[in-house]
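Derivation of every value follows stated rules applied to the coordinates shown; laboratory data play no part. Please read all numbers here as calculations on a predicted model, not as lab measurements. Cβ: placed from backbone, ideal geometry, glycine included. Neighbour counts: every protein chain shown.
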Ligand SMILES: C[S@@+](CC[C@H](N)C(=O)[O-])C[C@H]1O[C@@H](n2cnc3c(N)ncnc32)[C@H](O)[C@@H]1O
């Protein structure tokens, strides 16, 4: 039998893990080409790969995870798309279909509207980084090579992790995060791709909880 969508796993979800990915020039509208996510999407390819890393495991969805994609490129920036592991539907491991899901969600948004559900488990909201960082979702961390070793942190309760795209986190955003009390945590000395950093965070937390 062919499954329509990936089943939800982790019935006892435990603390919430939230990832905020800053798409420094990612389109904040549906006006991008699915076969040219890199250029027409403003590196939307990175954000699409983050969907798989944040929300999917082999054979299921991480129910305990929220992924906030902060779209700062042309369209209606700043726009935050929240993908919620508890209720999202139709995720697949392949990039093309998840990009299509994002595009449909962006296309369903009413221009100028406030927060609205644009697909099952996907909310769009006109929010900037500060608004996202100030949401009460447990401790706030920013992922950066120069931070304290993630393995030296005692993990308890909900946590939010902020990551940059290929351009990293610009100084203005770094200041905002500092103002919001973010602690920088490092995954080691190597500069990783954003989606790989997410996978490692999940893995470290999977092993400690
Ligand atoms: C491709 S990297 C950005 C590289 C960019 N040249 C820079 O200097 O930040 C994307 C994001 O992954 C996270 N990241 C990459 N390597 C990391 C590491 N070793 N420890 C913690 N976070 C890391 C950071 O949030 C970074 O902004």
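Based on the reciprocal of the average 1/r between different C-alpha atoms, the Kirkwood radius for region 102-204 equals 15.3 Å. Of all beta bridges that DSSP places with both ends in the chain, some 40 percent have antiparallel geometry. Remark: C-alpha extents of region 85-137 on the principal axes read 32, 27, 17 Å, sorted largest to smallest.
With contacts defined as alpha carbon pairs under 8 Å and 6 or more residues apart, what's the relative contact order of region 8-208 in percent? This gives 25 percent for region 8-208. By the helix-only formula, in which each DSSP H run with n ≥ 4 contributes -39500 (n - 2.57) and the sum is divided by residues, the chain has a 222 nm mean residue ellipticity of -8000 deg cm²/dmol.
Computed extension length for residue 40-residue 175: 45.7 nm, one decimal, from 0.36 nm per residue of separation with the Cα-Cα distance subtracted. Give me log10 I(q)/I(0) at q = 0.17, 0.18, 0.19 Å⁻¹ for region 8-208, Debye formula, one equal scatterer per alpha-carbon, no solvent. Each listed q corresponds, in turn, to -1.16, -1.31, -1.48.
Calculate, for residue 192 and residue 86, the FRET efficiency according to 1/(1 + (r/R0)^6) with r their C-beta to C-beta distance and R0 30 Å; round to the nearest 0.05. Working from the Cβ atoms, E equals 0.65. Counting beta carbons within 10 Å around each of 196, 149 and listing the fewest first gives the order 149, 196.
Multiplying the residue separation of residue 31 and residue 120 by 0.36 nm and subtracting their alpha-carbon distance yields 30.0 nm.
For 166, 128, 68, 172, the sequence from fewest to most other C-beta atoms within 10 Å is 172, 166, 128, 68. Our estimate of slack between residue 206 and residue 76, defined as 0.36 nm per intervening residue step minus the Cα-Cα distance, is 43.2 nm. Over 16 Å, how big is the tail of the calculated P(r) for region 34-124, in percent of all Cα pairs? Across region 34-124, Cα pairs with separations above 16 Å total 50 percent.
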